[in-house]
Amino acid sequence: SRLHEHAELYLLLSMITPVPWLERNPTYKEQQQELTTKDLSTYGFLGYPVLMASDILIYKAEYVPVGIDQVPHLELTREIARRFNHLYSEVFVIPEALLTEFPKVPGTDGRKMSKSYGNAVYLSDSSEQVTAKIRPMVTDPARVRRRDPGNPDVCPVFDLHKIFTPKVERDTIIDPGCRTAGIGCLDCKGVLLQHMLPVLRPIYDRRQELATRPEIVQEVLEDGYTRAKKVAGETLSEVKAAMEI
């Protein structure tokens with residue numbers, strides 16, 4: 001946010017971005033339906049993907065690591081870049097999405113994990129907080145009783161197992177145990193936590209350590225700011241030269 005170049009590029013790109021491109025964004029439509037308690041009928045919300053585009057394009061990124069739900073945003077970025085390059089000159093790289101093996105992480109309520117939905121497990125959460133969020137997490141809605149067989153294919157807890165639980169254990173214990181009611185949902189979540197907490201705990205511990213040494217964090221931020229400002233400034237100069245402003 002200290003780099004004014006981002007805001008400047010955002011303004012310039014907004015001048016060439018058709019409004020219908022923004023209105024057809026599936027995330028825009030989805031959040032209007034989901035976040036009914038908030039007034040989202042603002043330009044700031046509608047135009048936010050253009051700001052995201054400026055964040056990407058200003059560094060001429062070739063690949064962008066995103067979740068599957070962010071691919072439409074990246075496609076809009078690509079369209080904006082192509083439009084600018086066509087109208088003015090070949091300034092921007094057309095970035096590609098870089099997806100992981102598990103490109104979508106479910107939230108505790110079964111929807112995509114999002115801070116806006118209040119269903120997220122944070123890297124800043126302690127082991128106790130993570131456990132408190134996972135224990136009541138929704139599972140297969142058709143599995144009402146302990147003896148009912150479940151379907152891992154529609155269970156968000158199983159989606160987390162795919163990320164944290166070794167494949168052998170997942171395929172030989174969790175999947176068949178769910179389908180035959182051999183294990184209950186609480187047991188399933190317990191196994192998930194056995195694998196999930198050891199992965200998240202070192203991140204939490206490191207964060208706690210850095211919280212007591214803010215000078216290290218500030219040093220990293222300053223170094224990043226200096227390097228980012230150089231690249232962003234060069235790109236913005238190219239943009240202005242191409243637009244003759």
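The values are calculated or read from the model by the stated rules, or taken from the named source; none is laboratory data. Owing to the predicted nature of the structure, the values given are computational and were not obtained by experimental measurement. Cβ sites come from the backbone with ideal geometry, for glycine too, and all protein chains shown count toward neighbours.
One line per residue, one yes/no per condition, for (1) closer than 30 Å to residue 226 by Cα; (2) within 19 Å of the chain's Cα centre (by Cα):
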{"site": "8", "(1), (2)": "yes, no"}
{"site": "23", "(1), (2)": "no, no"}
{"site": "30", "(1), (2)": "no, yes"}
{"site": "41", "(1), (2)": "no, no"}
{"site": "47", "(1), (2)": "yes, yes"}
{"site": "54", "(1), (2)": "yes, yes"}
{"site": "65", "(1), (2)": "yes, yes"}
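Would you mind stating whether residue 37 is more than 20 Å from the chain's Cα centre (by Cα) and over 26 Å from residue 230 (Cβ atoms)? So residue 37 passes the test.
The lone criterion from (1) free of Cβ contacts under 8 Å to residues at least 12 places away in the same chain; (2) surrounded by fewer than 13 Cβ atoms within 10 Å (Cβ to Cβ) left unmet by residue 199 is number (1). The helices (runs of 4 or more DSSP H) located wholly in segment 1-108 that include 1 or more residues which are out of contact with any Pro (no Cβ under 6 Å at 6 or more places or on another chain) and farther than 17 Å from residue 235 by Cα occupy 19-23, 26-34, 43-46, 48-57, 71-87. Selection of first residues in segment 164-188 that are farther than 15 Å from residue 139 by Cα and of second residues that are modelled with pLDDT of 95 or more and among the hydroxyl-bearing types (Ser, Thr, Tyr), restricted to Cβ pairs under 9 Å at least 6 apart or on distinct chains, gives the following pairs, ordered by first then second residue: 173/165. Checked against (1) in contact with a Leu (Cβ under 7 Å, 6 or more places away or on another chain); (2) without any contact (Cβ under 8 Å) to a residue 60 or more places away in the chain; (3) of a type in the set (A, V, I, L, M, F, W, C); (4) farther than 30 Å from residue 78 by Cα, residue 130 passes all but condition (2). Looking only at residues of segment 175-197 that are among the aliphatic types (A, V, I, L, M) and either at pLDDT below 95 or more than 27 Å from the chain's Cα centre (by Cα) (or both), we find that the one that is farthest from residue 108 (Cα to Cα) is 181.
Each row is one residue, and each column tells you yes or no for (1) touching a residue at least 12 places away in the same chain (Cβ under 8 Å); (2) buried (at least 17 other Cβ atoms within 10 Å of the Cβ); (3) among the small types (Gly, Ala, Ser).
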position: 24; (1), (2), (3): no, no, no
position: 36; (1), (2), (3): no, no, no
position: 39; (1), (2), (3): no, no, no
position: 82; (1), (2), (3): yes, no, no
position: 89; (1), (2), (3): yes, no, yes
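Of the residues in segment 183-192, at least one is in the same structural domain as residue 133 (by TED's automatic domain parsing) and loosely packed, with under 14 Cβ neighbours inside 10 Å. The residue list 138, 130, 157, 121 contains one member that is surrounded by 15 or more Cβ atoms within 10 Å (Cβ to Cβ), farther than 24 Å from residue 203 by Cβ and within 21 Å of the chain's Cα centre (by Cα), which is 138.
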